[in-house]
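These notes concern the structure reproduced below.
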Amino acid sequence: MAKTIMTIDDSSSMRQMVRFTLSQAGYNVLEASDGRDALGKLGKEKVDLFISDINMPNMDGITLTKELRGAVATRFTPVILLTTESQPEKKQEGKAAGATGWIVKPFQPDQLLAVVKKVCP
Amino acid sequence: MAGFNDDFMAQMRAAFREEAEDLLGELDAGLLELEAAPGNRDLIARIFRAIHTIKGSGATAGFAKLAAFTHRVEEVFEDARQEKLRVTSDLTDVALKACDVIRVLVGQNESDPVPAEAAMITSQLERFRKHSEVPVQNPVEARPGSAANGALRFRIIFRPKPEIFFSGCDPVSLLDELNGLGRCTVRLKDDAIPAFADLDPELNHLAWEVELISRQSVDVVREVFVFVEDDCELQIEEEPCDEALLVDNSMAFPSAALSAFLEVGRSHLGALEEAFLQIDAGQHDRIGEFVTAARTVANGAEQLLNEREIPIPATHPVAALHDLSRAAASFAEGFSDQGEKACIQENIEVLFGITDTLKRHYTALVAGDVFSVGNPSWLQRLEQPGGASQAVPVKGSPEQEQLEVYLDAASQCADAMNGALGRLADKDAEALPVLMRALSTFCAISSNAGQTSEAALVQPLIDNLREILEEGRSMEENELQAIETGVAEIRSRVEALRAKTLSASQPRPEQRQEGETGGIHPDKTAAAVSSIRVDQDKLERLMRVVGELLVARGMFPILARKVEAESGHTMLAKEVRDAGATISRLAEELQDSVMGIRMLPIKTVFQKLPRMVRDLARSLGKQVEFSLSGDETELDKAVIEQIGDPLVHLIRNAVDHGVEAPDDRLAKGKETTGLIEVAAFNQASSVVIQIRDDGKGLDPAMLKRKAVEKGVITDAQASSMSDQEAMELIFAPGFSTASQVTDVSGRGVGMDVVRNNIRNLQGTVSIQSAVGKGTTFTIKLPTSLMISKGILVSSSGQEYILPIEHVRDLVRIPSATVRSFRGGRFAHIRERILPIAPLEAMLGEESEARTQEELCVAVMNAAGRDFGVVVDKFHDEVESIIKPLPAELSELPGLLGATIMGDGRIVLVVNPEQLAA
């Protein structure tokens, strides 16, 4: 069965790029525009992986990760954060919040796929 | 929305332009430095990174032309980085020019044209790459270890932190990733597992030690752990090791043991496959056979594995066969008592996967591979996790195994509860939290294992206990009693469940013993018939002698007649005749038993058909019900060996061209599932194999059209052709009915080859077909190749034998009814007009005009047509052994060979196929 991945990003073009790449590779993709939106969309479908931006309005990626770790259904689900090279401290912060891994922006579709395959084989 | 997007893209472009400006500056500087120090690897890496980032970010920001051009530059530096190409000042020169083009491209809009010099630079860059196909060794930068081309042995200790699961990481997937890098041996370190009472099931207590032999560098190995570096203790040691370890030559088994296992594997995997196909067809009572076959393979493999002192890695095909077949046996056994319910699609799919994968492991083993092909990921659940260093039998099916784990944990919980209750009875208040923990753990594992009624059972107890703990009071007597009753109930439920799982896995204890008795199931040993192997040549010599004996017995009636005629001793003649009859009977019995030795049931050929049809139908999206009958029918070994290919071809044709796609069938008002029946049976001295399908049938008009198109026949021939003759066209060389050659049938081997193969076996093949209703191919084969029956005839003073399979009729017709037409002669025989010719004329000899009033005509059928052969006289039906003609005579047309008659005369045997031509 195809795995379901939720992409959380306030930039719709970024979500589009992630959706396009992942659905090409056969994944089922859900979208959310920020952390709060993501939490609101949970429960309808089992999500196998979250790919979230860090800086977002309403609820940022770090807080979202903490929330996901606190919920029974998602506490073991992999979470990938999108970071930029310039914020290594964010990487640490994300890790401490319970993120599984990260992708450094900007990234190419094949890099995205490699990371997805790594945490969600 | 569109506005936002445009705005966003404009922002991204602006951001990229800024970034690119910096990167280009770095690139320029780097290239100039490189010109001065062309071998500097760090510098090359830096330049590569800069180009790579420009390309990547550019593409993300929508600079497609820039990305395409930069990609060509990147390729060159990728080669340089991998030392496939030497950096020269010419190269840096072109690269600097490329930088200028990149700068222009960064500044312009996507709709602007690419600068003219871009193409020239691209082709120059391409030339650098082509010139450097021979790898250049860079003497400056030969860092040992890091650019590992030789094999390295890594020793990796990976101990994830207890909280690892809360980062969404699955350590097993990392081990799998390591396994993908080379030859991996994983050992589990379970030293840190705490006592049960302290065990938190959501924390990790395990560690792994991995020995990895790989060509990859340590960086690549480390990269596997990139996300968990901070969440685990990780030690990676590396040392160079022998290349040979990559493909371990020591993975050898004693050859006798190996070949014994190969034999066990071949026969029992065959049995396993057959059982699977039966199960697939809904025969759930065959699951037992499947289990037995899988277990036999597993035991055989286990015995073979025990032949080695050093354990073989789990990746070896033998280990893979062992593990999977053992898991398969347990899996199938898990539902063997469920009757019809066992044949649900889900089980069938898994069994199919198992059957298929076992076969692939076996093929890999036969081919001498030391690495197994691996199991498809969805089969992993049947295997033990992680791929342990030594093949360890898996306990049972995933479900059953899970249940056993649950039961173990549940009884431990119950033990803990009992202990706590005992302490509570002694007024030990400390026992309350222990009881609480045991109850909540039981609740958690129960709901996790899907045992919801057990979870619900303890929930009120937990609530009650929590209340007591929160209020800080001691337990009331009635509360204690309620808990005691609850715990007793838990215990009895756990015991009941355990009893049930034990009975499901009953037949397992004797496994070990089986393994030691040679991997053959006891049933099979008991049923095995003792046999000896005989050289086939010896058997053939015996066969020849028997054949000659059969012919020689023909001497007795001749002798008897002679005695009677010359001496008049009627009694003596009768005695000779009687003696002859006795010898004749004995000879026949001898013939039967000798032939029986060579006879094999056609089963050996039929066996592989159901699987083939199933796979083929699936790949073509067709639904086919396949039925086989008469698989006990026996045929000569030589025939069995050669009938397989033609049979397979005809059946493939039936699936491919015969049976229609489900939609087409529905449209024609047929069942969506097509029917293909293959039946073998005896008919007189022949064996008939019929392949019948209920598909679209052969359309004579279409066949004629095709044949004319392909130049097989002329228009005139087509119009005079009967439907039956038109169907025979599919046997014509160079004729294929499929308008498109599919990869299933077709592919060069035409029906003409099928017919030739069957003819070589002295057999025939014929077609009956009705458009829209289906086609039946009938193959008729002699039971034995050695002895054939024929009609002895004489013509122009010479005796010949006409093989009886080709003789349809023996008639006498008045000479006057023969008509000449365009040089040919035709006769009216039994309502039909047939071409006739004297036998000797057909054999290319001179023929005298016959003067008798009546002509003896043998109506023969060969090559799909009937014709009359005119002879002087019909004699007896005879049995003969056909011997090939000596080389110098073998060119004679129209002759199969010669035979020696009972009285020693030599008679030529006619080849009707050539007469027909």
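The values are calculated or read from the model by the stated rules, or taken from the named source; none is laboratory data. Keep in mind it's a predicted model, so treat the numbers as computed, not measured. Neighbour counts run over all protein chains shown; Cβ positions are idealised from the backbone, glycine included. All accessible areas refer to the heavy atoms of the entire protein, side chains included, with ligands and DNA or RNA removed. Shrake-Rupley method; radii C 1.70, N 1.55, O 1.52, S 1.80 Å.
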HN-Hα couplings for the stretch B:687-698 via Karplus (6.51, -1.76, 1.60; θ = phi - 60°), in whole Hz with x for Gly/Pro, come out as 10, 10, 10, 10, 10, 10, 10, 10, x, 7, x, 9
Relative contact order computed over chain B (Cα-Cα under 8 Å; 6+ residues apart), in percent:
6 percent
Rounded to whole Å, give me the distance from the Cα center of the stretch A:1-53 to that of the stretch B:265-313.
44 Å
Amide H to amide H under 5 Å from A:SER52: which residues, 5+ apart in sequence or cross-chain, H placed 1.01 Å off N in plane?
A:ILE8, A:ILE80, A:LEU81, A:LEU82
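If you average 1/r across every pair of different Cα atoms in the stretch B:167-315 and take the reciprocal, what Kirkwood value do you get, in Å? Could the numbers behind the result be given before it?
Details: mean 1/r = 0.0517 Å⁻¹.
When all Cα pairs of the stretch B:167-315 are included, the Kirkwood radius is 19.4 Å.
Using alpha carbon coordinates only, what is the Rg to Rh ratio of the stretch B:783-827, with Rh defined as the Kirkwood radius? Could you put the intermediate results ahead of the total?
Numbers: Rg = 14.7 Å, Rh = 13.3 Å.
Answer for the stretch B:783-827: 1.11.
I need the fraction of alpha carbon pairs in the stretch B:1-124 separated by more than 17 Å, rounded to a whole percent. Can you show the working numbers first?
Details: 4171 of 7626 pairs.
Distances greater than 17 Å cover 55 percent of the Cα pairs.
Counting each DSSP H run of 4 or more residues in chain A as -39500 (n - 2.57), what helix-only mean residue ellipticity at 222 nm follows after dividing by all residues, to the nearest 500 deg cm²/dmol?
On the way: 5 runs with 50 residues, N = 121.
The helix-only estimate for chain A comes to -12000 deg cm²/dmol at 222 nm.
Find how much the distance from B:GLU21 to B:GLU126 grows on full extension, using 0.36 nm per residue of separation minus their present alpha carbon separation; answer in nm with one decimal. Please report the intermediate quantities before stating the final value.
Working: separation 105, 0.36 × 105 = 37.80 nm, distance 2.55 nm.
The span from B:GLU21 to B:GLU126 would gain 35.2 nm if fully extended.
So for the stretch B:654-738, Kirkwood radius off the Cα pairs, Stokes-Einstein at 37 °C and 0.692 mPa s: how many µm² s⁻¹? It would help to have the intermediate numbers written out before the result.
Numbers: Rh = 14.8 Å.
This corresponds to a translational diffusion coefficient of 221 µm²/s.
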Sorted by chain and number, the residues with a modelled amide H under 5 Å from that of A:VAL104, at a separation of 5 or more or across chains, are A:THR83
Can you give me the three principal axis dimensions of the protein assembly as shown from its C-alpha atoms, in Å, biggest first?
128, 93, 61
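Counting pairwise Cα distances across chain B, what percent come out greater than 58 angstrom?
Working: 171977 of 419986 pairs.
Counting pairs separated by more than 58 Å, the tail of P(r) holds 41 percent.
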Quote the FRET efficiency, to the nearest 0.05, computed for B:ARG905 versus B:GLU209 with a Förster distance R0 of 56 Å and r equal to the Cβ-Cβ distance.
0.05
Within 10 Å of the Cβ of an average residue in B:161-171, the count of other chain Cβ atoms is 5
Gap in Å between the Cα centre of the stretch B:221-235 and the Cα centre of the stretch A:56-121?
17 Å
Long-range amide H partners of B:ASP809 with built H, under 5 Å:
B:VAL859
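Can you show me the helix-derived [θ] at 222 nm for chain B, built from DSSP H runs with n ≥ 4 at -39,500 (n - 2.57) apiece and divided by the number of residues, rounded to the nearest 500. All intermediate terms of the calculation are to be shown ahead of the outcome.
Values: 30 runs with 453 residues, N = 917.
Here the helix-only value at 222 nm equals -16000 deg cm²/dmol.
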Helix runs (DSSP H) in chain B reaching 30 Å along axis by Cα, Kyte-Doolittle at least -0.5
B:2-36, B:255-280, B:345-366, B:398-425, B:477-504, B:570-598
Semi-axes of the equivalent ellipsoid of the stretch B:750-863: what are they in whole Å, largest first, if each equals the square root of 5 times a C-alpha gyration tensor eigenvalue?
30, 20, 13
For B:ASP408 paired with A:ALA114, estimate the spin-label separation in nm (one decimal), with each label point 7 Å from Cα along the Cα-to-Cβ line.
3.9 nm
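So if R0 is 30 Å, what FRET efficiency would B:LEU590 and B:LYS873 give, r being the distance between their Cβ atoms, rounded to the nearest 0.05?
Calculated value: 0.40.
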When the charge dipole of chain B is computed with +1 at the Cβ of Lys and Arg and -1 at the Cβ of Asp and Glu, the Cα pointing farthest to the positive end, of B:VAL753, B:ILE779, B:ILE836, is that of B:ILE836
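Within the stretch B:155-239, list the GluC sites (Glu not before Pro) lying in a DSSP loop whose Cβ has at most 14 other Cβ atoms in a 10 Å radius.
Numbers: sites: B:GLU163, B:GLU177, B:GLU202, B:GLU209, B:GLU211, B:GLU223, B:GLU229, B:GLU233, B:GLU237, B:GLU238; in loops: B:GLU202.
Qualifying residues, ordered by number: B:GLU202.
Ordering B:ASP79, B:ASP28, B:ASP198 from largest to smallest accessible area (1.4 angstrom probe), what's the sequence?
Descending accessible area places them as B:ASP198, B:ASP28, B:ASP79.
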Just grab the label-to-label distance for B:LEU188 and B:ARG544, each label 7 Å out from Cα along the Cβ direction, in nm (one decimal).
6.5 nm
What is the calculated FRET efficiency for B:ARG498 to B:LYS84, with r their C-beta to C-beta distance and R₀ = 60 Å, to the nearest 0.05?
0.40
At 1.567 mPa s and 4 °C, Stokes diffusion of the stretch B:592-696 via Kirkwood alpha-carbon radius, µm² per second
89 µm²/s
Quick calc: nm separation of the 7 Å Cα→Cβ label points for B:SER847 and B:GLN108 -> 8.8 nm
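I need the shape label for the stretch A:73-121. Rule: rounded when a/c is under 1.5, else prolate if a/b > b/c, else oblate, with a, b, c from the alpha carbon gyration tensor. Spell out each step's value before the answer.
On the way: a/c = 3.01, a/b = 1.04, b/c = 2.88.
Since a/c reaches 1.5 but b/c is at least a/b, the shape of the stretch A:73-121 is classed as oblate.
Starting with the highest mean, order B:568-574, B:429-435 by the number of other Cβ atoms within 10 Å, averaged over the residues of each peptide. Before the final figure, lay out each step's value.
Details: B:568-574: 12.4, B:429-435: 16.1.
Ranking the peptides B:568-574, B:429-435 by packing returns B:429-435, B:568-574.
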